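Report on one structure; see the data block that follows.
We did not get these values from a lab; they are worked out from the coordinates using the rules stated. Because the structure is a prediction, the values reported are computed rather than measured. Because the Cβ atoms are built from the backbone with ideal geometry, glycine has one as well, and the counts that use them run over all protein chains shown.
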């Protein structure tokens, strides 16, 4: 019989956290760091027509692989699978930095994403293994800090590296990938030295067909909504084909999982009220988070004419909101054992913050923008990690890996769908408002309208640098079109997050398990594994 797992001390947990947070930072950072460097990359590779794939390839593989990591780590153990994810991510980073054309870069970004899926999923699984739910709140602020830091540091570092032609003799933008290597090695060292978890022997059985169906269906659907739909149109034959085949495979996946001996995502988990509710909440929070984090820096760069580096710095209030409320709510959860009120408060504050962004105009002062950013960040900090604690407290110990990684999977899905949805809304409304603005110019100032024709409108939709070349009155018209488009995006995002608030009201609050409860659950799980 397996010896009972020894409880970790606070000092040991903090050292383990160092390795986990380093790995999580790598994955979170690479979701945002590339965006501000894309201009330099596509100019070097002449690959403007494929630039969205640099982001999409990463999101596709990281999202599709997330639930697989939880299941595989349940079978083979957390540390080797987590370290496999680190090595895969590092290899992808090294190759991405050495890419010589867009096709190579897209392929290596997909490899990076494959590693990132494990880093994002297993970080929360491992914390669930070593820290009882009652005590987990005191550590959740650190993970909130990682997400907050990545939301600011990503655009900031991406802007810094791409603004420099060369650094140490290497093209500046390539450092957005090479910077990962020392941190990844540090994460490997820390996890090798400290991450010693009791491994329960389980029968090795992987649902390969289920895994293939999941990855293929998710990939096709995400391609349709994040690439083909926005680029080619939602009624385009390729978009509809991808959506149709992806949806059919998703239905087949559900049918198969109900019959598989050891499914990738056990459908029985959805009978758990908390698992189902937190999965939907995770999706909504992921969508709302990216709606704010992607659109706010774009507003700052286009409308307020900030550089990529400056826009990154001005997102610091968002980070402060996430970090502060993560730490405070975490300590209160550990102290009181109560957690339901935090996602309720968080989704409410986040809804109000996104709705308030409807007030953003060309001349909105920065202090006002900062207040709205703090509100959105505070809402994220109160919600994001709390629902993970609620989920992990509600499932059996043997399902910890697959349940936690599934929750991360749904949040990642939300981020991809949210980015695609809000990007499509922005693009559609921008074209509309640019045409309306030009028509108004034709009436009010025909001479200026002559220098702002339909060709300029198409160019602006592809490259915002064109705005600076227009006459002042035409510039104002173009910027107002952007502002009005952002308004529509924020009006669309707010009701989505408000649905999260309504769902949070139905979250069932169960007593958080203590160290003694957790030890008993681990022992029971170990006994079942041997039995």
Query raised in the report: Between the range 253-305 and the range 56-112, how many Å separate their Cα centres?
Result: 19
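Going by a ≥ b ≥ c, the root eigenvalues of the Cα gyration tensor, does the range 207-261 fall in the rounded group (a/c under 1.5), the prolate group (a/b larger than b/c) or the oblate group?
Values: a/c = 4.31, a/b = 2.73, b/c = 1.58.
Taking the square roots of the gyration eigenvalues as a ≥ b ≥ c, the range 207-261 is prolate.
Give me 499, 16 sorted ascending by neighbouring Cβ count inside 10 Å, so fewest comes first. Let's see the in-between values first.
Working: 499 15, 16 23.
With the sparsest Cβ surroundings first, the list reads 499, 16.
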Query raised in the report: Using alpha carbon centroids, what distance separates the range 372-409 and the range 323-364, in Å?
Result: 14
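What is the chain's relative contact order, in percent, from Cα pairs under 8 angstrom and six or more apart in sequence?
Values: 892 pairs, mean separation 116.9, N = 531.
Result for the chain is 22 percent.
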Report summary line: When 433, 58 are arranged by how many other beta-carbons sit within 10 Å of their Cβ, fewest first, they go 433, 58
Report task. Quick one: compute the contact order of the range 207-261, relative version, from alpha carbon pairs under 8 angstrom and 6+ residues apart, as a percent. Result -> 48
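For the range 303-382, what does the relative contact order come out to in percent, with C-alpha contacts under 8 Å and a separation of six or more? Let's see the in-between values first.
Values: 89 pairs, mean separation 42.4, N = 80.
Rounded, it is 53 percent for the range 303-382.
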**Report entry** Mean shadow area of the chain, taken as a quarter of the surface of its Cα convex hull (nm²)
**Finding:** 24.1
Report task. Give, in nm to one decimal, the length gained when the segment between residue 209 and residue 459 is fully stretched (0.36 nm per residue of separation minus the Cα-Cα distance). Result -> 85.4 nm
Query - Principal-axis tilt of helix 341-356 within the chain, Cα atoms, nearest 10 degrees - result: 10
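I need the shape label for the range 341-436. Rule: rounded when a/c is under 1.5, else prolate if a/b > b/c, else oblate, with a, b, c from the alpha carbon gyration tensor. Spell out each step's value before the answer.
Working: a/c = 4.21, a/b = 1.74, b/c = 2.42.
Because a/c hits 1.5 or more and a/b fails to exceed b/c, the range 341-436 counts as oblate.
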Query raised in the report: Which order, highest average first, do 313-320, 60-67, 209-216 follow once you tally other Cβ atoms within 10 Å for each residue and take the mean per peptide?
Result: 60-67, 313-320, 209-216
Query raised in the report: What ranking do 414-423, 328-337, 266-275 get when scored by the average of other Cβ atoms within 10 Å per residue, highest first?
Result: 414-423, 328-337, 266-275
Query raised in the report: Taking the range 264-393 as the region of interest, what is the percent of Cα-Cα pairs per 10 angstrom bin, listed from the shortest bin to the one with the maximum distance?
Result: 12, 39, 28, 15, 5, 0
Report task. Calculate for the chain the 222 nm mean residue ellipticity that helices alone would give, adding -39,500 (n - 2.57) per DSSP H run of length 4 or more and normalising by residue count, nearest 500 deg cm²/dmol. Result -> -26000 deg cm²/dmol
**Report entry** Helix 133-163 vs. the chain, principal-axis angle (Cα, 0 to 90°, nearest 10)
**Finding:** 30
Query - Exposure proxy ranking, count of Cβ atoms within 10 Å, fewest first, for 160, 124, 409, 183 - result: 183, 160, 124, 409
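Determine, for each peptide in 240-250, 359-369, the mean count of other beta carbons within 10 angstrom over its residues, then list the peptides with the highest first. Numbers along the way, then the final one.
Details: 240-250: 16.3, 359-369: 13.4.
Averaged packing, sorted descending, gives the order 240-250, 359-369.
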Report summary line: By the C-alpha gyration tensor axes a ≥ b ≥ c (rounded if a/c is under 1.5, else prolate when a/b exceeds b/c, else oblate), the shape of the range 79-165 is oblate
**Report entry** Folded to 0 to 90 degrees: helix 237-257 orientation relative to the chain principal axis, Cα
**Finding:** 10
